[in-house]
Amino acid sequence: MLAYIIRRVFQSLLVLLVVGLVAFSMFRFVGDPIDNMLGQERTQEDIDRLRATLGLDQPFPVQYAKFIVSAAQGNFGVSYRQGRPVATIIAERAPATLELAFVSGTLALVFGIGLGVFTAIRRNGIASNVIMSTSLIGVSLPTFLIGILLIYLFGVTLKWLPTFGRGDVVDLGWWSTGFLTASGLKALILPSITLGLYQMTLIMRLVRSEMLEVLRQDYIRFARARGLRERSVNFRHALKNTMVPVITVVGLQLGAIIAFAIITETVFQWPGVGLLFINAIQFVDIPVMAAYLMLISVMFVGINLIVDLLYFAIDPRLRIDGRHA
Amino acid sequence: MSMAPEPSRLAKMWDSDFAWQFRTSPVAIISAAVTLILVLSAVFAPLIAPYNPFDPGSLNLMNGFTPPSTPNQFTQDQFLLGTDDQGRDVFSTILYGMRISLFVGFSAVAFAMVLGITLGLVAGYVGGWTETFIMRIADVQLTFPSILVAMLITGVAKGFTPVEYRDSMAIIVLIVAIGLSDWVQFARVVRGSTLVEKNKEYVQAAKLIGRKPYFIMLKHILPNVLSPVLVIATISLALAIIAEATLSFLGVGAPPTQPSLGTLIRIGQGYLYSGEWWILLFPSITLLALALAVNLLGDWLRDALNPKLR
């Protein structure tokens, strides 16, 4: 068990170092920072001096190590486009993305599990069939088209909901929230549906198929024979045992939500980190790109590590196997 | 004694299990037909399209924003699906856009396939340290959503390309990015089948008579591991088309000079609020039809060819 954890942590760090290498090479090989910083009027001495001050005359591995150290401290330099520290810009943008991801994740989880259980219990009902066929369309529609469709329906035609931006936000020191104003909450509705729909369908289909599998087992039949109430059988006995694969998928989808937020944020002009990244790609703003690359990798590697470790916590069988192995 | 005449090759194919499954599945027939029509109209776009949207000489700015199938108020020209802001025929731009989408889609899948098959074969056949290395990379990459991988690669590639080549390289960058984000599936499946095949007698025999490893991999093992690859390739094609559309929609894919369906949707979204719905609607429907048809075809193919994969 301990050996497994150590190996997984080591592996995660290795991945991060490789991603760091990619991010660092972008800095190193795209353009010459000296060119950007010194104007036309420069002497070779100026160049050499600046090169020495910035440490650019040092060998590649040394520079790389320095980059990793400052990246680990959250220092990614200054955005080419905005002229401000990247860390500040990302910190400004993060609340928007995190709030959006939180709301859509909650939506996906609540409706996904609810509808999954519902369609599994009423397997042959009309409502279940309608839900299942609708979910197929939901899976095959590209995210951005869902967003545009929602904008057209609720924004342009019905004029019920705002279609871009976050509405009014309240500043709570280092965190700006849209949860506290009516317009902020209204602005959250369409983007979070767009972002959460795919994940919801995925969770629903997974819960449904797992539930169907579990409901067939003997212990469920036995629980029924003992005269337990239907509710208790379905939720206490059946649902609980479907949770292991669901937690894996939910964990991994958490990362996917952040990734797909890029698309949703672009469709709705949501001022989050994803939109920042897309703009950074368009304008080749390397510090921002590198920071996002590192940030998203840390997140994904972290989530995966946690999901793997959670297995041990949830499934006692794995613990026993681990001890024997 | 009379012998029944040998059935022709065509008749044999018609009678085969595969063909029977195709004939009796309406979903397969419809999705194959839609795919075929769309691919053919993309290939023959220069012949079918009434205008060449990239020839500035054929454009008339007066024709801008003509609604579908109604005469323009200034020039009385009619367009089947209307025109965009610059007076380009929407129908023609869709045909040409579909060419880009399909070209990128097919090339990306081909790239992913070659890369994935090669690495999968090598990993499965050589084994040992090489296998661990390749499959570790695959595992790590699998934890990232492929659209994110494609986006990151596009970003990195854009960073590395000099400014003056960025537009002309955009399509190649797209192909490489989508291809690299998708090779893992192929590698995993091919490695799995290779592991099974390499212990069979015919491979042992080939080894015994002194065939070189690359020869055994290419001529003996490869043909036997290809059928699941075909299924994955079809499903990958649908995903690649959507990935390309997504990247182009976000403005980091096909450049405006070579618009794909995603670029057209991006442009169309700008007119959503001002009422020119046709600029957005028709490319979106085309993309949907294309992605859905290829997807359904892939699903059907998976069930028909290899029930074990389900």
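Worth pointing out:
- Shape category assigned to the range B:113-206 from the gyration tensor of Cα positions, a/c cut at 1.5: prolate
- Normalised by 2.2 N^0.38 Å, where N counts its residues, the alpha-carbon radius of gyration of chain B equals 1.21.
- Within 10 Å of the Cβ of each residue in A:277-285, the mean number of Cβ atoms contributed by other protein chains is 5.
- Protection-proxy order for peptides B:250-258, A:20-28, B:134-142, each taking the mean of Cβ atoms within 10 Å per residue, highest first: B:250-258, A:20-28, B:134-142
- Order of B:Lys198, B:Lys207 under a 10 Å beta carbon neighbour criterion, fewest first: B:Lys207, B:Lys198
- Distant-in-sequence amide H partners of A:Trp270 (H built 1.01 Å from N, under 5 Å): A:Gly165
- Total formal charge among the other residues, if their Cβ is under 12 angstrom from that of B:Ala150, Lys/Arg +1 and Asp/Glu -1: -2
- Taking a ≥ b ≥ c as the square roots of the eigenvalues of the Cα gyration tensor, the protein assembly as shown is rounded, since a/c falls below 1.5.
- Shown for A:Met211, B:Met113, A:Met132: other C-beta atoms within 10 Å of each C-beta, ranked fewest to most, produce the order A:Met132, B:Met113, A:Met211.
- Remark on B:Thr83: its backbone amide H falls under 5 Å from those of B:Phe65, B:Thr66, B:Val90, a criterion applied only to residues 5 or more positions apart or on other chains, H modelled at 1.01 Å from N.
- Cα gyration tensor shape of chain A, rounded if a/c is under 1.5, else prolate or oblate by comparing a/b with b/c: oblate
- Neighbouring partner chain Cβ atoms per residue of B:153-163, average, 10 Å criterion: 6
- Percent of Cα-Cα distances greater than 18 Å, calculated over the range B:209-299: 59 percent
- Neighbour counts of other Cβ atoms within 10 Å put A:Arg122, B:Arg266 in the fewest-to-most order A:Arg122, B:Arg266.
- P(r) tail, the range A:52-206: Cα-Cα pairs separated by more than 23 Å, 57% of all pairs.
- Per-residue average of Cβ from other chains inside 10 Å of B:247-260: 3
- Of all lysines in the structure, those lying under 19 Å Cα to Cα from B:Lys207, and not within fewer than 8 positions of it along the same chain, are B:Lys198, B:Lys219.
- Taking each DSSP H run with n ≥ 4 as -39500 (n - 2.57) and averaging over every residue of chain B yields -22000 deg cm²/dmol at 222 nm.
Read-outs: derived from the displayed coordinates by stated rules, not from any lab. From a predicted model like this one, the values you see are computed outputs, not experimental measurements. Cβ: placed from backbone, ideal geometry, glycine included. Neighbour counts: every protein chain shown.
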